[in-house]
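A short write-up of the structure that comes next.
What follows is calculated from the coordinates using simple rules that are stated; it is not laboratory data. This structure is a prediction, so every number in the text was calculated from the model and none was measured. For neighbour counting, all protein chains shown are included, and Cβ atoms are generated from backbone atoms with ideal geometry for every residue, glycine included.
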Amino acid sequence: MSNLSDFVGGGGSVQAAARLFFSASDSVVVPFSGKMLLRINGAGGSGGAAISGGNGTGGGAGEHVMDIVPVLAGDTVTITVGAGGANTATRDTVGTAGGNTTVACTGYTVTAVGGGAGQKAASGAVAGGVGGSGGTGGTTKVARFDGGRGGAITGAGSTQKATGGGAVNINGLTGQTATAGGDITGANANYQSSGGGGTFGTGGNITNAVTQTSGGGGSGAGVAANTLTGGAAFLAGLTQIQVVFANLMFDIFGGGGAGVNNGTATGGGAGSGGGGASGTSTGNAIAGAGGPLGGGGGATNTSTGTSTAGAGGLGAGGGGVGANGSGAIATGAGGAGFVDITFVRAI
């Protein structure tokens, strides 16, 4: 069986001198000759805001990239972290795409593409923001995983709907749908809002004319369709356990946020999506924000209440707004990109 020293070269044990995490642009000097282990992520896109009575979708998560790079002592590594897509309080507005994240040093450059903007439509079908994909650069060992897309609205006669943003594909699942915000498929005029995606499953899909909201995807599982419950946390059956995830410097093992009808939805735990929120009459609809790497929930309201979508966590997409009436609205902002670096050498 191969071990890390086989990749580093030179045999023997491996020394890790520095573990660094960046959510803003910066630079760092390589402490010694060896290898640089990289995980980088593009920023998430913000959600779209519909015209009154229309449909708005969540933004896409940024692309996730892993690589192993030879480096020399004294080299400067330049880190450019993509900015998350800004949210909006203006109706009938497409979201903003997330920025690309780039790492560069002598003879080397790699880029992770940001997630796409959430979309909007006066009625009917509308796509979610696309997940980031197709970045450039890297070594022959580079691995790329598409970001989760924002939830889609597919019903031809649908109105007053909003979907959650996509989650970061940290686990290397297949395609942009695996960590997407929840889809809404019914062709009806009922107000409905889906939850944001999680790192191990989608936000809750809404497939009927009855369900108003759905929960956010979890770090251990997605969400059953047409339910307010959030997705399960990774290792949810264990209690009082400290999980150390070797490839990131923070917890990504929380549960998905619960959706709500009239009120404030639950935010997602680490690695999980926020719940969607729907309001009636003067009731407010405040969707849950995504935890780190999780998508924000969508929000919609039928009258004068406030509709506020959830922001995306690091690298993830924000929720969309599909409110009817005259109440104030705000879409969910996309999460900033990030870079995780470990310098290693064989000794």
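Mind ranking 289-297, 123-131 by how tightly packed they are, going by the mean number of other C-beta atoms within 10 angstrom, highest first? Intermediate results must be reported in sequence, preceding the final value.
On the way: 289-297: 43.4, 123-131: 26.4.
Ranked by mean Cβ neighbours within 10 Å, highest first: 289-297, 123-131.
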>> I'd like the FRET efficiency for residue 17 and residue 174, computed as 1/(1 + (r/R0)^6) with the beta carbon distance as r and R0 of 30 Å, rounded to 0.05.
In response: 0.30
> Within the P(r) computed for the range 55-152, what percentage of the Cα pairs occupies the region above 15 Å?
Replying inline: 63
>> Please report Rg (one decimal) and Dmax (integer) in Å for the Cα set of the chain.
In response: 20.0, 68
> What are the residues whose amide H is under 5 Å from the amide H of residue 135, where those residues sit 5 or more places off or on another chain and H is modelled from the backbone?
Replying inline: 113
> Fewest first, what order do 79, 51, 206 take by the number of other Cβ atoms within 10 Å?
Replying inline: 51, 79, 206
> What dipole magnitude, in Debye to the nearest 20, does the chain give about its Cα centre under +1 on Lys/Arg Cβ and -1 on Asp/Glu Cβ?
Replying inline: 140
> Peptides 303-309, 112-118, 186-192, 333-339: what's the order by average Cβ count within 10 Å, highest mean first?
Replying inline: 112-118, 333-339, 303-309, 186-192
>> What lysines does residue 161 reach when the alpha-carbon gap must be under 23 Å and sequence neighbours fewer than 8 apart in one chain are set aside?
In response: 120
> With each pseudo-label sitting 7 Å past Cα toward Cβ, what's the residue 122-residue 210 distance in nm, one decimal?
Replying inline: 3.3
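Where both partners of a DSSP beta bridge lie in the chain, what percent of those bridges are antiparallel, to the nearest 5? Please report the intermediate quantities before stating the final value.
Numbers: 44 of 64 bridges.
If we restrict to bridges inside the chain, about 70 percent are antiparallel.
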> What ranking of 286, 184, 329 emerges when the number of other C-beta atoms within 10 Å of each C-beta is taken as an exposure proxy, fewest first?
Replying inline: 286, 329, 184
> Which of the peptides 63-72, 264-273 is most tightly packed, and how do the rest follow, going by the mean number of other Cβ atoms within 10 Å of each residue?
Replying inline: 264-273, 63-72
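How high is the FRET efficiency between residue 156 and residue 89 when r is their beta carbon distance and R₀ equals 25 Å, given to the nearest 0.05?
Numbers: r = 29 Å, r/R0 = 1.16.
Given R0 = 25 Å and the Cβ-Cβ separation, E is 0.30.
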